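S.K.: Here it is: the structure, laid out below.
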């Protein structure tokens, strides 16, 4: 499997409105405003391309297609935000999040995902490094975001790191949003059907460096080939 190619086009694909973003750099005489960091992931393989609204204001200038998962975060003013996802160019509601507070002490991921019945859901996740994180280890977490696929296992090289993982189980159990430590190294990552040797997706030669944290996820739809919705492993950096 090839790595996702959308990271490089993230900045060009979105125009964030000034009233939501922190805005331009201040003069040297003006203290910088505190801000919160937000990562936006559009991982709903069964949903249409969407428009995203925060406090009623449109976030994007072009449709947000499936597969957006940038490495970095975007700075937003500290505020309370409600988030609404609509079918791009239409008024059809796809999913929504209630008004929640966003502060400078945390970073957040806004995740749009597919449910087992094909409808879309949305959740907000706090992205905090472990309190005992040390410079000698790398850190990861895994999300199963591929509808139509049953339980899976995750292998780093010849070591099974995750078993019995189900679709969007991180939405229902916050424990799966925590980062686990692992030796800093280069890895061949495989996702297999649970209890079998059937490999669903592979990510080759991924470098997990010391004191860096990554979200590794299974995306796409089983049986789909020749497009960006085929089963694949994605990875995005969190810290």
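S.K.: Residue 119 is checked against (1) at pLDDT below 95; (2) surrounded by fewer than 17 Cβ atoms within 10 Å (Cβ to Cβ) and fails just one. What number does that condition carry?
M.R.: Checking residue 119 against (1) at pLDDT below 95; (2) surrounded by fewer than 17 Cβ atoms within 10 Å (Cβ to Cβ), the one that fails is (1).
S.K.: In region 55-65, which residue that is touching a strand residue (DSSP E or B) at 6+ places or on another chain (Cβ under 6 Å) and not in a strand (DSSP E or B) is surrounded by the most Cβ atoms within 10 Å (Cβ to Cβ)?
M.R.: Among those that are touching a strand residue (DSSP E or B) at 6+ places or on another chain (Cβ under 6 Å) and not in a strand (DSSP E or B), it is 59.
S.K.: So, of the residues in region 135-179 that are at positive phi and more than 14 Å from the chain's Cα centre (by Cα), which turns out to be modelled with the lowest pLDDT?
M.R.: 148
S.K.: May I pose another question? Would you please list the contacts, defined by Cβ atoms under 6 Å and residues six or more apart or on different chains, that run from a residue in region 91-104 that is under 18 Å from residue 77 (Cα atoms) to a residue that is modelled with pLDDT under 95 and assigned to a loop (DSSP other than H, G, I, E, B)?
M.R.: Close Cβ pairs satisfying both conditions: 104/34.
S.K.: Going by what's in this entry, would residue 110 be described as in the same structural domain as residue 37 (by TED's automatic domain parsing), modelled with pLDDT of 95 or more, surrounded by fewer than 19 Cβ atoms within 10 Å (Cβ to Cβ) and under 21 Å from residue 175 (Cα atoms)?
M.R.: The answer is no for residue 110.
The values are calculated or read from the model by the stated rules, or taken from the named source; none is laboratory data. Quantities reported herein were computed from a predicted structural model and do not represent experimental measurements. Note: ideal-geometry Cβ built from the backbone for every residue, glycine included; neighbour counts use all protein chains shown.
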